[in-house]
Structure formats: C-alpha cells, structure tokens
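Written below as structure tokens is the structure these notes are about.
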Amino acid sequence: MELIKVGAAGSPGSLRVSGEVAVDSPMAWAGVMFFPGATIMTSANLSSYQGIHIWLKGTERQYAVVFFAQHAGFMPSYSRMFNLSLTVPRDKNRL
C-alpha cells in the first residue's frame, strides 16, 4: 500500500494497493480493511456520516464491498459483489 498525495477528482489523497492473489488459496482475496474503532473489529459510531464513496481505477474485474456491524459479530452484515466496467460511466457503477 502507498499513500498518494493527489487523489481522484481533486480529492486530497488516495491509497494505491497492489499485489498478487495466490490462486490456490482457500480464502483468496486482496484488498484493504478499514477499522474505525479503537482496535481491530471493535465498534465505532459512524452515524454522523451519510455514506461511503469508493473510486476504483484498475482492471475490469469483479470487486466486493463488505461491511461488518456489532450486532452481526464476525459475520458480514452487508456484502455486495460487482463487476467494474471500464466502458460504463462511473455513476452507473454505483452499489
């Protein structure tokens, strides 16, 4: 991972993530996990926020967004798989 000083659409920064996923792994995945609580997997009050905005730049692949909630424990409370299309305007790729 690398912090980039210039972000998408004039935003103040971005995060560059790169790597390789081993295809023979039983739990193959790559990505970033964000823990807003005091420690990993602890709850945080995010009620002052209205949503999440993710701008992806990369290859045309399948991506996923997963959210956890305190009431669900270690099971995702929401998950969505989607295919990023590089030919469709970005507002059509909304979750």
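The values are calculated or read from the model by the stated rules, or taken from the named source; none is laboratory data. As the structure is a prediction and not an experimental result, all values here were calculated from the model. Here Cβ is always computed from backbone atoms with ideal geometry, including for glycine, and neighbour counts include all displayed protein chains.
Quick notes on this structure:
- Region 8-34 - residue that is under 16 Å from SER79 (Cα atoms) and surrounded by 10 or more Cβ atoms within 10 Å (Cβ to Cβ) and, of those, modelled with the lowest pLDDT: ALA30
- When each of VAL32, VAL65, VAL23, VAL6 is tested for being under 12 Å from the mean Cα position of the chain (by Cα), β-branched (Val, Ile, Thr) and not in a strand (DSSP E or B), the lone residue that passes is VAL32.
- Of all residues in region 35-53, those satisfying the criterion of being on the phi < 0 side of the Ramachandran plot, surrounded by 10 or more Cβ atoms within 10 Å (Cβ to Cβ) and not small (Gly, Ala, Ser) are PHE35, PRO36, THR42, LEU46, ILE52.
- Residue match in region 75-83 (condition: on the phi < 0 side of the Ramachandran plot and modelled with pLDDT under 80): yes
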